[in-house]
Amino acid sequence: MKKIIIGILILLSNNIYSQEVKSLSLEECIKIGLENSKSLKISDYKVKSVEAKYKETEVAEYPTLKFTAGYTRLSDVGAPNFGPAASSIAKAFSPILDNYSTKITLNQPIFTGFRLSSATEIAEYNKNASILEFKKDEKELILNIRTAYWNYYRALKLKENIQQNITMVEAHLNDVENFYKNGLATDNDVMKVKVQLSNTKLLMIDAENGIQTALLFLNSLIGLPLNTKITLKDKPEFLEKHTSKLDDGISNALMNREELLSTEMRIKAANSAITLSKAGWYPQIFFFADFIYSNPNQRYIPQKKEFKSSWDLGITLSFDLWNWMLPKYQTEQAEFQLEQIKQSYEILKDQINLEVTQNYLNLEKMFEKINISSETLEQAELNYKITKEKYKNGLVNNSELIDAETTVLQANINYTLSIVDYEIAKAKYLKSISK
C-alpha cells in the first residue's frame, strides 16, 4: 500500500512539473532564442577564433625575446701535450668538462617582403568578414523565430475559429432536432448537420495537432524544453500598407546586407593575399642581439671554470636566388582566387536583388489578401445571420444554412491565414533589405 501511495505521488508530481507554462512576447522569444541558440554559439566561436588569428599575425611584427639554457658534460680526452717545458700552458688549456650556458636573444623583423603586413591585413579582413557573417546568422535566427511565433499564433487562432464553428453547428443541430420532433425537418436534415459537425470535429483534431507541432518547433528554436507550454502575449500589429519603394529597398539591401559586406572583406583579403604571394621576390632582413652568460664562456681565452658574460648583435639578410619561379605560380593562384570571389560577389548581388523583389511583391499580395479576406468574412457573417433567421422562419432549407456555416468557417480561416502570412512576409522583406 505504501508503495502504491508513493507511486501515485510521483505521478502527480510529474504531471505538475512536466509542463512549464510561459507567457512570452515575440521580443522575449527572440531574446531567449539568441541566448540559447547552439548554432549561434558556433558562429560566435568562429568569430573568436579568427580574432585570435588576427592577434597572432599582428604580434609577429613585434620584437621577440627568447631565453635558452643548457648543460653539457664533455668526455675527458686529456690535456694537450705541450711537453715538460710548457706545463703552465698545458694547465691553461686543460679541458673543462662541465659546460653551462644561458642566452637571451632579441629578434626584430626589419623587412620581410611584405609578408607580415599582408598576413595581418588578411587576418583583419577575415575577422571583419566573420563578424558580419555572425550578424547574418543572428538575423536569420530572428526571422526563423518570428516565423515560428506567428505560425504558432496561426495554429491557435485556427483552433479558435474551428471551435466557434463547432458551437455554431451544435446550435444548428439543436434547432434541426427540435424541428424534427415537431415534424418540420426530415431525418436527412438531421443527418446532414451531424455529418457537418463530425467533419468540423475532425478539423479540430488536425488543428490541435498543428498547435502541438508549431509549439514543439518554437520551443526547439528558442532552446526551451519541448514540453514547455507557451501563451502568446502579442497579436498581429495594426495593419497598414507599407510605403517603401522597391528601388529604395534594393538599394538599401545592396548597401547593408551582411553577405555582401562580408564578401567585400573577402575580396580585400584576397588582394592582400596577392601581395603576400609576391613576397618571395624580395629579401628578408632581421635584426638580432644576444646576451650570453656561460661557464666557460668561449669568448674568453684562456677558458676558466667560471660564469662570464658577453654579447653580440647584427643584421641578417636572406634572399632566394633561384626557386623555380615559385612566387609567380603562387601569385597566379591568388589572382584566380580573387576572381572567383569577385564572381561570387556579383552572383550574390543578383540573388539579393531577386530576393528583395520577390519579398516586396509577396508583401504587396499579402496586404491585398487581408483586405479581400476581411471583406469576405464580413459578408459571410452577415450572410449567416440572414440565412439563420430565414431558416428559423422556414424561408430557406437546411442545406443553405449548412453552406452559410461552412462559408463562415472558411472565411475565418482565410482571414487568419492572411494576417499571419502578412506578418511573416513583412518580416522576410525587412530582413532582406537588412532592417
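Residue-wise test of (1) under 18 Å from residue 387 (Cβ atoms); (2) aliphatic (A, V, I, L, M).
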| site | (1), (2) |
| --- | --- |
| 167 | yes, no |
| 177 | no, no |
| 184 | yes, yes |
| 194 | no, no |
| 207 | no, yes |
| 210 | no, no |
| 215 | no, yes |
| 223 | no, no |
| 227 | no, no |
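I'm trying to understand the selection: among the residues of the stretch 171-201, which are of a type in the set (D, E, K, R), open to solvent by 60 Å² or more (accessible area, probe 1.4 Å) and either in contact (Cβ under 8 Å) with a residue 40 or more places away in the chain or in contact with an Asp or Glu (Cβ under 9 Å, 6 or more places away or on another chain) (or both)?
Result: 192, single match.
Here is a yes/no grid of residues against (1) assigned to a loop (DSSP other than H, G, I, E, B); (2) modelled with pLDDT under 95; (3) aromatic (Phe, Trp, Tyr); (4) open to solvent by 40 Å² or more (accessible area, probe 1.4 Å):
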residue	(1), (2), (3), (4)
332	no, no, no, yes
346	no, no, no, yes
350	no, no, no, yes
370	no, yes, no, no
394	yes, yes, no, yes
413	no, no, no, no
423	no, yes, no, no
426	no, yes, no, yes
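When you scan the stretch 40-51, do you find a residue that is more than 30 Å from residue 118 (Cβ to Cβ) and either part of a helix (DSSP H, G or I) or at pLDDT below 95 (or both), even just one?
For the stretch 40-51, residues more than 30 Å from residue 118 (Cβ to Cβ) and either part of a helix (DSSP H, G or I) or at pLDDT below 95 (or both): present.
Of all residues in the stretch 305-321 being part of a loop (DSSP other than H, G, I, E, B) and without any contact (Cβ under 8 Å) to a residue 40 or more places away in the chain, which is nearest to residue 283 (Cα to Cα)?
By that ranking, first place goes to 319.
Return the residues of the stretch 396-411 that are more than 53 Å from the chain's Cα centre (by Cα) and open to solvent by 20 Å² or more (accessible area, probe 1.4 Å); say none if nothing qualifies.
Residues satisfying the conditions are 396, 397, 399, 400.
Name the residues in the stretch 214-239 that are over 26 Å from the mean Cα position of the chain (by Cα) and of a type in the set (Phe, Trp, Tyr), would you?
238
Every residue, every condition in (1) open to solvent by less than 40 Å² (accessible area, probe 1.4 Å); (2) closer than 30 Å to residue 418 by Cβ, yes or no:
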{"position": "257", "(1), (2)": "yes, yes"}
{"position": "268", "(1), (2)": "no, no"}
{"position": "282", "(1), (2)": "no, no"}
{"position": "289", "(1), (2)": "yes, no"}
{"position": "294", "(1), (2)": "yes, no"}
{"position": "302", "(1), (2)": "no, no"}
{"position": "313", "(1), (2)": "no, no"}
{"position": "317", "(1), (2)": "no, no"}
{"position": "322", "(1), (2)": "no, no"}
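Quick grid of which residues meet (1) assigned to a helix (DSSP H, G or I); (2) in contact (Cβ under 8 Å) with a residue 24 or more places away in the chain; (3) within 30 Å of residue 217 (Cβ to Cβ); (4) open to solvent by 50 Å² or more (accessible area, probe 1.4 Å):
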{"position": "103", "(1), (2), (3), (4)": "no, yes, no, yes"}
{"position": "108", "(1), (2), (3), (4)": "no, yes, no, no"}
{"position": "118", "(1), (2), (3), (4)": "yes, yes, no, no"}
{"position": "123", "(1), (2), (3), (4)": "yes, yes, no, no"}
{"position": "135", "(1), (2), (3), (4)": "yes, yes, yes, yes"}
{"position": "138", "(1), (2), (3), (4)": "yes, yes, yes, yes"}
{"position": "141", "(1), (2), (3), (4)": "yes, yes, yes, no"}
{"position": "156", "(1), (2), (3), (4)": "yes, yes, yes, yes"}
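Note down all Cβ pairs under 7 Å where the first residue falls in the stretch 263-278 and is under 23 Å from residue 352 (Cβ atoms), the second is among the small types (Gly, Ala, Ser) and part of a helix (DSSP H, G or I), and they're at least six residues apart or on different chains.
Every condition considered, the pairs that remain are 263/344; 265/129; 266/129; 270/334.
Yes or no: residue 294 hydroxyl-bearing (Ser, Thr, Tyr) and not in a helix (DSSP H, G or I)?
yes
The values are calculated or read from the model by the stated rules, or taken from the named source; none is laboratory data. Computed from a predicted model, the values in this text were never measured in an experiment. Methodologically, a virtual Cβ is constructed for each residue, glycine included, from the backbone with ideal geometry; neighbour enumeration extends over all protein chains shown. Areas reflect the complete protein model, heavy atoms only, side chains present, ligands, DNA and RNA absent. Shrake-Rupley method; radii C 1.70, N 1.55, O 1.52, S 1.80 Å.
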